[in-house]
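Novice: My structure is below; once you've seen it, I'll send some questions.
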Amino acid sequence: MSSADFTYDHVGATRDPGFCPPGFHPLRVRTRLGEGEAVFRQAAEALLTWELHRELGVGIETGADRAAPGVDVTITLAGVVRAPCRVVWTVEEYRRAGWAYGTLTGHPESGEEAFVVDRTGDGTVWLTVSAFSRPARWYSRAGGPATRGLQHAYARRCGKTLRRLATRGLEEF
């Protein structure tokens, strides 16, 4: 995977959730999904198979059934804004699963966004959406703080939607 295709340096840097390159805006939103292994497994599967993004109602185009490094993904918002990305890393562990994608030419932002589900020692399951970004197109620059507000709202919506998917069909979570 060539880093030349990305619109930013520091490809893969969201593996360190506290890192934010100079000139970028950080984002970190953590949402409690529920408790237990069943909630974790359902959340991880929904995340890794793009079900979360499809359930959000955004358009998603990809040639792969699961997130994997090097997989290209294009998100379409409102049928108008196309946001080409590429998966830069994935993780599938006993208590942690997720992936991150980086922006490609044509994306309204420049940067990287990670979606990670983890199960803590007490069994609580969390989704953390972390990112660093800066405007790449005139309309995202014109949006200023409102654009960042939309990114935070999107991350919160990811948490609410994944909570619903992760607890679907379970009596208690």
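The values are calculated or read from the model by the stated rules, or taken from the named source; none is laboratory data. Owing to the predicted nature of the structure, the values given are computational and were not obtained by experimental measurement. Note that we place each Cβ from the backbone using ideal geometry, even for glycine, and neighbour counts take in every protein chain shown. What goes into the accessible areas is simple: the full protein's heavy atoms, side chains included, and nothing from ligands, DNA or RNA. Shrake-Rupley method; radii C 1.70, N 1.55, O 1.52, S 1.80 Å.
Novice: Looking only at residues that are part of a loop (DSSP other than H, G, I, E, B) and open to solvent by less than 20 Å² (accessible area, probe 1.4 Å) in region 106-130, which one is modelled with the lowest pLDDT?
Specialist: PRO108
Novice: Let me ask you something else. Please work out if THR161 is touching a residue at least 24 places away in the same chain (Cβ under 8 Å), open to solvent by less than 30 Å² (accessible area, probe 1.4 Å) and not in a strand (DSSP E or B).
Specialist: yes
Novice: Suppose we keep only residues that are of a type in the set (Ser, Thr, Tyr) and open to solvent by less than 30 Å² (accessible area, probe 1.4 Å) within region 56-89. Which one would you say is modelled with the highest pLDDT?
Specialist: Going through the qualifying residues, I end up with THR74.
Novice: Another one. Residue by residue through region 1-16, note down the ones that are open to solvent by less than 70 Å² (accessible area, probe 1.4 Å), more than 19 Å from ARG66 (Cβ to Cβ) and out of contact with any Leu (no Cβ under 9 Å at 6 or more places or on another chain).
Specialist: SER2, TYR8, VAL11, ALA13
Novice: What number of residues within region 23-50 satisfy the criterion of being acidic (Asp, Glu), part of a helix (DSSP H, G or I) and over 17 Å from the mean Cα position of the chain (by Cα)?
Specialist: So the answer is 1.
Novice: Let me ask something else. Do we find that PHE19 is closer than 25 Å to ARG141 by Cβ, surrounded by fewer than 17 Cβ atoms within 10 Å (Cβ to Cβ) and among the aromatic types (Phe, Trp, Tyr) in this structure?
Specialist: yes
Novice: Please enumerate the residues belonging to region 141-158 that are among the aliphatic types (A, V, I, L, M) and either within 19 Å of the chain's Cα centre (by Cα) or outside any helix (DSSP H, G or I) (or both).
Specialist: Listed by number, the residues that qualify are LEU150, ALA153, ALA155.
Novice: Hey, another quick one. For region 90-105, how many residues are of a type in the set (D, E, K, R) and either open to solvent by less than 20 Å² (accessible area, probe 1.4 Å) or not in a strand (DSSP E or B) (or both)?
Specialist: The number of residues fulfilling the criteria is 2.
Novice: Moving to a separate point now. Within region 41-55, take every residue that is touching a strand residue (DSSP E or B) at 6+ places or on another chain (Cβ under 7 Å) and free of Cβ contacts under 8 Å to residues at least 40 places away in the same chain and give me the one that is most open to solvent (accessible area, probe 1.4 Å).
Specialist: Ranking the candidates gives ARG54 first.
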